[in-house]
């Protein structure tokens with residue numbers, strides 16, 4: 001029987017870093033790490049969809065964003081489905097930004113800062129929706145909270161993993177792995193009489 005595993009996801013514009021781990025933090029090992037493209041190159045502007053539709057009328061902009069979203073979700077589903085076939089995934093953890101609630105589309109397109117915020121949320125949402133379709137339990141963790149939620153022993157272990165598995169072992173991989181640790185830790189808490197305490 002395969003060991004329980006979890007995947008951490010750090011999304012960017014058009015791509016994401018996925019790291020799948022197993023074990024009990026901090027004693028974890030890396031099962032899989034990959035860069036996943038989550039924009040369809042055949043769709044104009046798919047990598048930065050809000051930038052692309054900034055000058056369009058709202059109806060056309062909305063339709064284009066919907067098309068990009070469906071394509072990105074399909075690519076995210078494909079990547080996660082492959083992981084579910086190879087590993088015994090118990091959940092996914094997606095790194096989030098500030099968690100700021102976005103306004104309606106007209107206000108987003110009127111602000112360059114909000115366009116950047118919306119695009120970050122756009123690609124994270126692709127994985128959230130993909131997880132829902134595939135019945136993968138998904139949690140979100142704000143990136144700025146990750147250090148406070150993970151003990152130093154976890155962080156040290158993740159940093160040192162690069163020496164064991166070799167490059168690439170970037171900040172994307174490290175943060176995604178730490179996020180996945182939270183999923184495995186929660187699983188430990190469910191199956192022990194005394195809570196597994198962070199710290």
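The values are calculated or read from the model by the stated rules, or taken from the named source; none is laboratory data. None of these values were measured; they are calculated from a predicted model. Note that each Cβ is placed from the backbone with ideal geometry, even for glycine, and that neighbours are counted across all protein chains shown.
Tell me yes or no: at least one residue of the range 161-168 is within 20 Å of residue 4 (Cα to Cα), at pLDDT below 95, surrounded by 16 or more Cβ atoms within 10 Å (Cβ to Cβ) and touching a strand residue (DSSP E or B) at 6+ places or on another chain (Cβ under 8 Å). The answer is yes; a qualifying residue exists.
In the range 42-52, how many residues are surrounded by fewer than 17 Cβ atoms within 10 Å (Cβ to Cβ) and not in a helix (DSSP H, G or I)?
4
Being in a strand (DSSP E or B) and in contact with a helix residue (DSSP H, G or I) (Cβ under 7 Å, 6 or more places away or on another chain) is the filter here; which residues of the range 1-15 pass it?
4, 6, 7, 8, 9, 10, 11
Here residue 2 clears all of (1) in contact (Cβ under 8 Å) with a residue 12 or more places away in the chain; (2) under 25 Å from residue 168 (Cα atoms) except the condition numbered (2).
Here residue 55 meets each of (1) more than 19 Å from residue 129 (Cβ to Cβ); (2) assigned to a helix (DSSP H, G or I) with one exception, condition (2).
Applying the set (1) crowded, with 21+ Cβ neighbours inside 10 Å; (2) under 30 Å from residue 160 (Cα atoms) to residue 39 leaves exactly one unmet item: (2). Does residue 98 fit the bill of being at pLDDT below 95 and under 15 Å from the mean Cα position of the chain (by Cα)? Taking the combined requirement at face value, the residue satisfies it.
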